[in-house]
Amino acid sequence: MTIKRQYSLPNCRLLLEGIVDEEVVVEGDHARPLMSVVVHAECSFTGSNQTLIGGPAFLSNLTRAVSVYAQEFLSGVQHPLPLPAEGERVQLVRGDRRDLHHLRYYPKAADGEVGAPIQVDLNTVQLFDLVEAVDQFFADTRTLPGLTLQLAPTSRRYRQADVPAVQRSAPLALGVSGLALAAIALFLVPVPGRIEEPERKYGDTASETAEETEATDTPETEASPSGPLLNAEELAAALADAQQILDPTELDYIQRYTRRELDGSWENRDELTQDLTYRLSVGRDGAILAYEPVEGTPAGADEQTPLPDLVFQPTQDALPEAIAEYKVVFTANGILQINPWAGYQGTPTFGPRLEAPDQLAELGEQLQATLASRWEENPDLLSDELTYRVGVTEAGAIADYVAQNAAAFELEAETPLPELLDPAAAGIGEETVVPQQPLGQFRVSFYKDGRVEVTPF
Amino acid sequence: MNPSASLSPDYSPPSRPQPLILESLPDPDSALQTCSPRIQQRLDLVLLAIEALELGGSEYMLATARELDLASVIDNRVTLWRLRCTNPWRRSYTRSTLSLRQAKALAIVASHRARQLTVLIRQLLLAKQQVEEKGLPIEQHFRLSEYLERFRAHFRSRMNARRAKVAFYLAHESALNDLALDLLGQLLFCTGTAGMQRFWISLFDGEVA
């Protein structure tokens with residue numbers, strides 16, 4: 001008995017005609033009969049008037065070619081497919097675009113000779129429908145159970161390097177031509193004769209070098225400002241004209257930045273015999289523009305503070321537009337205090353924030369991993385727990401952190417945070433010290449026993 | 001008396017055997033126990049494409065993992081993220097490798113998500129062809145340009161621009177679009193009857209001896 005099986009998809013139809021094996025016992029009334037031999041196969045595509053028609057060899061060649069090509073499409077790695085010796089060859093060839101595929105069929109002509117190939121051009125969706133028709137046929141256990149899906153990865157011998165051949169051969173070509181050039185050049189170099197002993201001069205070498213360095217140093221320091229420096233009166237006038245920064249968030253960020261600068265460069269803390277108090281004018285970029293001693297601080301005492309080294313002299317060309325004023329106290333017991341001169345008008349925020357829960361989860365996990373790898377059990381730690389608020393950029397850089405408990409404040413240097421801090425990642429430090437990119441805010445606790453906990457702030 | 005008190009306090013659920021669905025994918029080579037960075041990269045990129053197709057894609061991936069009884073491999077969002085960070089292109093590349101079990105779980109989840117999105121994937125690929133045939137810019141099609149835009153945004157925010165290949169994609173928008181469309185084609189093939197197996201085996205093309 002002959003039956004037909006059809007695998008139909010929107011763009012492709014695979015039709016098989018075969019003979020039912022009467023010998024096989026049919027289990028149940030509704031079990032489909034088993035097609036054990038195929039005599040005729042047809043493959044047609046909607047939108048194309050070509051139909052590929054053939055016998056059993058066509059079917060097995062088609063299914064094999066399609067299955068292998070599907071794997072090539074997925075991985076981009078070529079599979080070697082030896083062309084079958086018997087007739088009715090089927091070939092799938094990649095077109096010049098990524099989504100163009102040529103299906104070629106070499107049907108057997110009536111006289112047994114190989115006929116002219118039929119080519120069907122398929123787009124990716126049509127190709128997929130053909131693959132799907134073949135896969136449904138493979139999966140059908142009641143049609144030619146001998147033909148099933150056989151998948152195997154191809155060997156790494158067939159994997160193309162990611163770099164095209166021209167590019168790969170470039171270093172070789174360069175090397176060969178370089179060697180040739182070197183050979184020519186060396187050929188032209190005269191053979192050295194007897195080497196004369198150098199005359200020795202003692203004494204004046206050292207002074208010469210000293211002079212040289214001085215000579216090169218001075219012009220550089222003079223050249224770096226982009227205009228004439230302001231004298232004291234002009235500076236005072238400029239600062240008086242400058243707008244006061246009142247935004248609490250900005251004040252807070254500038255304060256933190258300034259504290260870090262001062263704290264980091266304040267040495268000889270034990271030399272102070274009294275508290276030194278200053279009124280500080282700081283630009284939006286965190287540069288210390290001016291300071292004056294207040295509250296009975298002697299005029300020359302600033303030499304004991306890092307202020308003279310850190311003050312940035314504005315030039316005529318770059319007048320400060322806005323300033324923030326702070327009261328800074330270098331206490332006799334080595335503590336640095338800094339507060340806005342006029343206090344805060346409002347509550348400081350953290351600037352723009354990252355809020356997406358997915359992203360925060362990702363960043364938090366990443367932060368935890370980074371910090372945990374640099375934090376070890378520390379039995380000598382003076383506190384059980386150091387807690388900070390840490391601001392992290394989208395890319396995971398730590399752009400800002402603030403101690404949340406007194407111990408954290410004191411023992412900041414024990415944690416990996418100062419080393420990891422990268423304010424520039426959030427656009428801090430170029431024009432302004434307020435982050436220009438949104439930050440994810442986390443509460444980070446370092447524990448004595450080596451644990452690090454990260455939770456959203 | 002509280003009836004639940006009869007439950008002994010040290011009761012623990014029986015240890016869970018290997019999720020059965022993992023058996024549906026063969027081990028490609030007995031010598032391979034872990035994945036190459038290239039495989040990890042392909043898995044993550046395919047998942048990235050799925051995320052660009054559906055909003056909240058990673059939540060659906062987790063739900064799919066639970067439905068398929070893969071919770072022992074992918075138990076929460078962080079695990080999923082950590083598995084995906086084995087892609088060397090990632091900013092947060094962890095330098096760890098996926099076990100075959102983990103890679104299978106990701107491939108299974110990707111294929112199942114793709115199957116849910118079959119209609120959309122087909123529509124987008126057909127739209128792409130139509131737009132190209134008319135010689136129009138690809139941005140002409142709203143849904144398609146939305147997909148590309150989201151893919152580029154995901155790619156930009158998660159991949160490490162210091163990697164040469166990533167930098168190239170970031171500098172050439174059309175190349176990044178091609179990558180996104182390429183992945184869309186791969187997703188289409190994942191939707192088929194044997195799509196999951198095909199995708200899985202294709203990962204090892206050029207990786208075995």
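FYI, it's all coordinate maths here, none of it is from the lab. Fair warning: this is a prediction, and the values are worked out from it, not measured in the lab. FYI the Cβ positions are ideal-geometry reconstructions off the backbone, even for glycines, and counts take in every protein chain you see.
Of all alpha-carbon pairs in the stretch A:383-451, indicate the percentage at a distance above 20 angstrom. Please report the intermediate quantities before stating the final value.
Numbers: 684 of 2346 pairs.
Value for the stretch A:383-451 (Cα pairs over 20 Å): 29 percent.
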Partner shielding of A:359-370, taken as the mean number of other chain Cβ atoms within 10 Å, equals 3
Rounded to the nearest 0.05, FRET efficiency between A:Glu410 and B:Leu170 (Cβ-Cβ, R0 56 Å) equals 0.85
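To the nearest µm²/s, what D does Stokes-Einstein give for chain B at 37 °C and 0.692 mPa s, using the Kirkwood radius over alpha carbon pairs as Rh?
Values: Rh = 18.5 Å.
For the chosen part, D equals 178 µm²/s.
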Give me the Kirkwood hydrodynamic radius of the stretch A:321-457 in Å, from all C-alpha pairs, to one decimal place?
16.2 Å
Sorted by packing (mean other beta-carbon atoms within 10 Å per residue), highest first, where do A:338-346, A:35-43, A:176-184 land?
A:35-43, A:338-346, A:176-184
With each pseudo-label sitting 7 Å past Cα toward Cβ, what's the A:Trp341-B:Glu149 distance in nm, one decimal?
4.8 nm
Enter the mean number of other protein chain beta carbons within 10 Å of the beta carbon of each residue in A:117-125, as an integer.
3
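Between B:Gln18 and A:Ser155, what FRET efficiency follows from the Cβ-Cβ distance if R0 is 22 Å, with the result rounded to 0.05? Walk me through the numbers on the way to the answer.
On the way: r = 29 Å, r/R0 = 1.31.
My answer for the efficiency is 0.15.
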In a GNM of chain B with a 10 Å cut-off on Cα contacts, which of B:Ala31, B:Ala103, B:Ala52 has the highest mean-square fluctuation?
B:Ala31
Among rounded, prolate and oblate, which fits the stretch B:92-182 when a ≥ b ≥ c are the square roots of the eigenvalues of its C-alpha gyration tensor, a/c under 1.5 means rounded, and a/b larger than b/c means prolate?
oblate
Top mean-square fluctuation among B:Phe155, B:Phe189, B:Phe142, Gaussian network model of chain B, C-alpha springs under 10 Å?
B:Phe142
Anyone know which of B:Gly57, B:Gly135, B:Gly195 comes out most mobile in the 10 Å Cα GNM of chain B?
B:Gly135
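Averaged across the residues of B:184-193, what count of C-beta atoms belonging to other chains lies within 10 Å of each residue's C-beta?
Working: counts 2, 9, 5, 0, 8, 9, 1, 2, 10, 12.
Mean shielding by partner chains, rounded to a whole number: 6.
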Tell me whether the stretch A:37-87 comes out rounded, prolate or oblate; compute the Cα gyration tensor, take square roots of the eigenvalues as a ≥ b ≥ c, and use a/c under 1.5 as the rounded threshold.
oblate
Pairs of alpha-carbon atoms within less than 8 angstrom and 6+ residues apart define the contacts here; what relative contact order does the stretch A:322-364 have, in percent?
26 percent
Between the stretch B:45-80 and the stretch A:253-299, how many Å separate their Cα centres?
52 Å
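Taking neighbour counts of Cβ atoms within 10 Å as a proxy for exposure, in what order, fewest first, do B:Asp29, B:Asp182, A:Asp380, A:Asp252 appear?
Details: B:Asp29 14, B:Asp182 17, A:Asp380 6, A:Asp252 21.
With the sparsest Cβ surroundings first, the list reads A:Asp380, B:Asp29, B:Asp182, A:Asp252.
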